[in-house]
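Here the structure comes first, spelled out in structure tokens, and everything after it is commentary.
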Amino acid sequence: MQGVILAAGRGSRLHPITVARSKAMVPILGKPIVERVMEMLAENGIDDFILVVSPADRDIVRYFSRESKLDADVRFVYQVERKGMANALSYAAPLITEDFVLSACDNLIPTADAGRLIRMMQSEEHPNAVLTLMPVEPDRLGSVGIVEMSGPWVTRIVEKPKPEDAPSNISSLPLYAFAPRILDYLPEVSLSARGEYELQDAIQMVIERDGRVGGVIIDRRLTLTNAADLLALNREYLIHGGEHPQLEPNTVGPNTRLITPLHIEHGTVIGTNCTIGPNVYIERDCRLGDNVMVHDAVILRGAEVPDGTTIANEVVA
């Protein structure tokens, strides 16, 4: 199977974090979130990736050409205008030659759940698509795609319905497995009221014309929408990611304590009498003054923290 990752979004709700980088390149313990998504799929056997990116995002191309250690083939296609997921997938279509997994660049679920999705797609039932599904609270029904099911099969998908029109409380997440058949329907997708070509419209065509659209229900995921999400993602990987703490500051002053779990990148200078940690990620080339206290925080590259500052539950950009 191939992996297609949609990574052209600006991440406007993450400003100022995304002023100098795309959403896909926002770091989770030293790796862009898009690479964390790719790792999730690579651990389930996918090693051929197509990334749909913005023509302006030179960082992502450079990163996967020179820096990434991911053992996979990575190719790029460019989405000139951001007009929805169906539009983004259409740019990747010429490179898709087999069943594929499609994911947003900021959607992480447990690796085992991603494996369930892939195994169902490869099962003897030969689905035309498999959706990742998760129950949602009533107040979120109008902000996500909601599905109707009959046994294991999805019979309808509705994008952002009014609560009274929602066929269930089961949402469709932006992680899917598809047979190439869906690509034939992309030219038929019409522009929606919000000015996008909605992938759900193409999925509904698969349901109506081909059938056998399955679903895998999960109970946990992490996504990246705002600064609080970035804190949560880095905390998750610090505590449960199974990675050894990285402590590579250039200088640590006298009487400074470093409390794990902690991840500090190269080029960082930390002053005297500081307490750093726990649950802290400091990106490269930061400067922390004297008498600084930091816990449960993310400090992004090049940041300068004045003497005597306390940072807690915060992203510093």
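The values are calculated or read from the model by the stated rules, or taken from the named source; none is laboratory data. Keep in mind that this is a model prediction, so the values were computed, not measured. No Cβ is skipped: glycine too gets one built from the backbone with ideal geometry, and neighbour counts run over all protein chains shown. Surface areas here come from the heavy atoms of the whole protein model, side chains and all, with no ligands, DNA or RNA. Shrake-Rupley method; radii C 1.70, N 1.55, O 1.52, S 1.80 Å.
Given the rule -39500 (n - 2.57) for each run of at least 4 DSSP H residues, summed and divided by the residues of the chain, what is its mean residue ellipticity at 222 nm, to the nearest 500 deg cm²/dmol? Spell out each step's value before the answer.
Details: 6 runs with 59 residues, N = 317.
The helix-only estimate for the chain comes to -5500 deg cm²/dmol at 222 nm.
For segment 242-317, the square roots a ≥ b ≥ c of the C-alpha gyration tensor eigenvalues yield an a/c under 1.5, which makes the shape rounded. Computed over the chain with a Gaussian network model linking Cα atoms closer than 10 Å, the most mobile of Val294, Val101, Val252 is Val252.
Extending 7 Å from Cα along the Cβ direction at His266 and again at Thr309 yields two label points whose distance is 2.4 nm. This model, with +1 at the C-beta of Lys and Arg and -1 at the C-beta of Asp and Glu, gives segment 1-107 a dipole about its Cα centre of some 660 debye. Taking amide H as placed 1.01 Å from N in the peptide plane, Gly3 has its amide H under 5 Å from the amide H of Asp48, Phe49, Ile50, Val101, each at least 5 places away in sequence or on another chain. Farthest toward the dipole's positive end in segment 111-192, which of Ala114, Ser190, Pro135, given Cβ charges of +1 (Lys, Arg) and -1 (Asp, Glu) about the Cα centre? Farthest along the dipole direction, towards plus: Ala114. Most simply put, the chain has about 35% antiparallel DSSP beta bridges, counting only bridges with both residues inside it. Ranking of Lys69, Lys23, Lys162, Lys83 by solvent-accessible surface, largest first: Lys69, Lys162, Lys83, Lys23 (1.4 Å probe, protein heavy atoms only, all chains present). Per-residue 3J(HN,Hα) values for segment 5-15, derived from phi via the Karplus relation 6.51 cos²θ - 1.76 cosθ + 1.60 with θ = phi - 60°, read 10, 8, 9, 9, x, 7, x, 4, 6, 9, 4 Hz in sequence order (x marks Gly and Pro).
Taking 0.36 nm per residue of sequence separation and subtracting the Cα-Cα distance, how much length would be gained by fully extending the chain between Arg257 and Asp219, in nm to one decimal? Walk me through the numbers on the way to the answer.
Values: separation 38, 0.36 × 38 = 13.68 nm, distance 3.75 nm.
So the extension gain works out to 9.9 nm.
Fully extending the segment from Leu70 to Glu236, taken as 0.36 nm per residue of separation minus the present Cα-Cα distance, adds 57.7 nm.
Phi angles of segment 130-140 translate, via the Karplus equation with coefficients 6.51, -1.76, 1.60 and θ = phi - 60°, into HN-Hα couplings of 9, 9, 8, 10, 8, x, 10, 6, x, 6, 9 Hz per residue; Gly and Pro are given as x. Given +1 at the Cβ of Lys and Arg, -1 at the Cβ of Asp and Glu and no other charges, the dipole of the chain around its Cα centre is 460 debye to the nearest 20.
Would segment 1-107 count as rounded, prolate or oblate if I go by the C-alpha gyration tensor, calling it rounded below 1.5 in a/c and otherwise prolate when a/b exceeds b/c, oblate otherwise? Mind showing how you got there, number by number?
Numbers: a/c = 1.70, a/b = 1.18, b/c = 1.44.
It is oblate, given that a/c is not under 1.5 and a/b is not larger than b/c.
Is the C-alpha gyration tensor of segment 102-167 telling us rounded, prolate or oblate? Criteria: a/c under 1.5 is rounded; beyond that, a/b larger than b/c is prolate, otherwise oblate. All intermediate terms of the calculation are to be shown ahead of the outcome.
Numbers: a/c = 2.49, a/b = 1.45, b/c = 1.71.
Taking the square roots of the gyration eigenvalues as a ≥ b ≥ c, segment 102-167 is oblate.
What FRET efficiency do you get for Arg119 and Ser190 if R0 is 30 Å and r is their Cβ-Cβ distance, rounded to the nearest 0.05? Don't skip to the end; give the middle numbers.
On the way: r = 34 Å, r/R0 = 1.13.
Taking R0 as 30 Å, the efficiency between Arg119 and Ser190 is 0.35.
Sequence-ordered 3J(HN,Hα) estimates for segment 272-283 from the Karplus curve with 6.51, -1.76 and 1.60 and θ = phi - 60° stand at 8, 6, 9, 10, 10, x, x, 6, 10, 10, 10, 6 Hz, glycine and proline given as x.
Near Leu247, the amide H atoms lying under 5 Å from its own belong to Ile264; only residues 5 or more places off or on other chains count, and H is placed 1.01 Å from N.
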